[in-house]
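Only the coordinates and a few stated rules stand behind these numbers; no lab work does. These figures come from a predicted structure and were not determined experimentally. Note that we place each Cβ from the backbone using ideal geometry, even for glycine, and neighbour counts take in every protein chain shown.
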Ligand code: FBP
């Protein structure tokens, strides 16, 4: 981008809402535009920070008179979270602690407004920081792969940090590598290019330190907003599989549109005898039509169809299992629902561990797509233009104390009752929304366990092996967790038909080991 264009964009960009419009108007990708907005915000903060600090008592007075934090932030052209933390300090709070955990605030209005500020601040909120550090890690992964691809020997910052050296570049090359005629000895990855001043400060301090120690080096940066398509390429994903994942991502926008038009229950029943919501049928049709037209898969099994569909003239052998809208009973109350997809190399009546990948699209406040093809679990968010950009790479399930238990307590089998009571005695918090995909998504991010067990009169529980169990199981297992039917790994189970149901325990390895030992001990 030339300097004139850069300056024009810089001048016109005021807030996150401008990104898509300006990206279209100047034919520059949204990642570059949001980088520029980031630079502008950082520059503004530097310019006005002390002024805002001096104004803090007046800001607090205005807030007490009824101005909201967001209003004050926009009036002062200052990032909401930063403004809030200056105000919090003025009010006598430990602002860092409070911003990290607004729930500690007793004042309801303050808490509500702080949460709002955190939601919209794309630059200074804890969420923005975690996205940025995710991008930083992604940059390092890319450089790592590239160095290996070029057969260049190197040591990483973490190898070096074992030695008593304080500051180290991300990568130190064993032999110099020529870039534009310069012998490069080290590489540093930067997630976001800050403004020029910030950049120069880095160069002066950090980079000149490396240069003195190791000689010339190179900085790589600007990994913001990587789109799904580019990410799949970067990861070296099989091209046909990438096309398939892209096809599902493209249908997400169509299905979302359906939320506005297709409401209420249709008077037909599906293969399980349940009344279908209109939107289930809509989503089912959308996905089947798109797959048929693309001819990218040979086999399609969906929760809404009694039989497996074989696609005429398929160009690949893939099989897919689809739950077009999981949690559909929650649509009419506007809670999160999702599309779950299992990806098989061939026919779908095979154990889950033969899958080549899985994905789910969650329609919540944000529409996100999470996928795995066996090289990590990655999460993307849909923008206004319907395209998905990277939110978090290499998700791993943390240790956590959340449990999402399906079925009625009065119907629990003895080992299951024991299991749930054990979790409760350990302080697990109950979080069950009635949307499997949303509940497992939460567990994937916060740790803990989801279960829909076998219960009195229903040995196989409620959920479907092919449409719910295996795809979400694959995802959680790839993220370092586990899935079980209580007796063993659910991904080892070979389905006998598309309508198989199964008890499900999915989440952290510790919780899964516990239920398996209880089932075993029960001798049932
Ligand atoms: P649908 O596929 O019909 O939506 O049913 C699946 C499901 O809604 C899961 O998403 C959820 O975990 C479960 O049923 C909830 O069941 P219950 O209503 O028994 O709690």
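Once you have the Cα-Cα distance between residue 62 and residue 246, take 0.36 nm times their residue separation minus that, and quote the gain in nm to one decimal.
61.4 nm
Let's test the formula: R0 of 56 Å, r as the Cβ-Cβ distance of residue 426 and residue 295. What FRET efficiency results, to the nearest 0.05?
Given R0 = 56 Å and the Cβ-Cβ separation, E is 0.65.
Could you give the nm distance between label points at residue 211 and residue 116, where each point is 7 Å from its Cα heading toward the beta carbon?
Rounded to a tenth, the inter-label distance reads 4.8 nm.
What nm distance separates the two modelled labels at residue 5 and residue 146, each placed 7 Å from Cα along Cα→Cβ?
2.1
Quote to one decimal, in nm, the extra length available between residue 16 and residue 133 on full extension: 0.36 nm per residue of separation minus the C-alpha distance between them.
That works out to 40.2 nm of additional length.
Quickly work out the residue 353-to-residue 234 label distance, labels modelled 7 Å from Cα along the C-beta direction, and quote it in nm with one decimal.
Taking the two extended label points, one gets 3.2 nm.
Which angle between 0 and 90 degrees, to the nearest 10, do you get for helix 278-294 versus the longest principal axis of the chain when only C-alpha atoms count?
Tilt relative to the chain: about 80 degrees.
Restricting to bridges with both residues inside the chain, how much of the DSSP beta-bridge set is antiparallel, in percent to the nearest 5?
Around 80 percent antiparallel, to the nearest 5.
If each residue of separation counts as 0.36 nm, what is the full-extension length gain between residue 260 and residue 309 once their alpha-carbon separation is subtracted?
Between residue 260 and residue 309, full extension yields an extra 14.8 nm.
Rounded to the nearest 500, what is the 222 nm mean residue ellipticity of the chain from helices alone, with -39500 (n - 2.57) per DSSP H run of 4+ residues and division by all residues?
-13500 deg cm²/dmol
For the pair residue 285 and residue 366, what calculated FRET efficiency results from E = 1/(1 + (r/R0)^6), where r is the Cβ-Cβ distance and R0 = 30 Å, to the nearest 0.05?
FRET efficiency, residue 366 to residue 285: 0.75.
Mind pulling the angle between the C-alpha long axis of helix 108-120 and the longest principal axis of the chain? Nearest 10 degrees, somewhere in 0 to 90.
80
Per-residue counts of other Cβ atoms within 10 Å, averaged by peptide: what ranking do you get for 507-514, 44-51, highest first? Walk me through the numbers on the way to the answer.
Working: 507-514: 19.8, 44-51: 13.0.
The packing order, highest mean first, is 507-514, 44-51.
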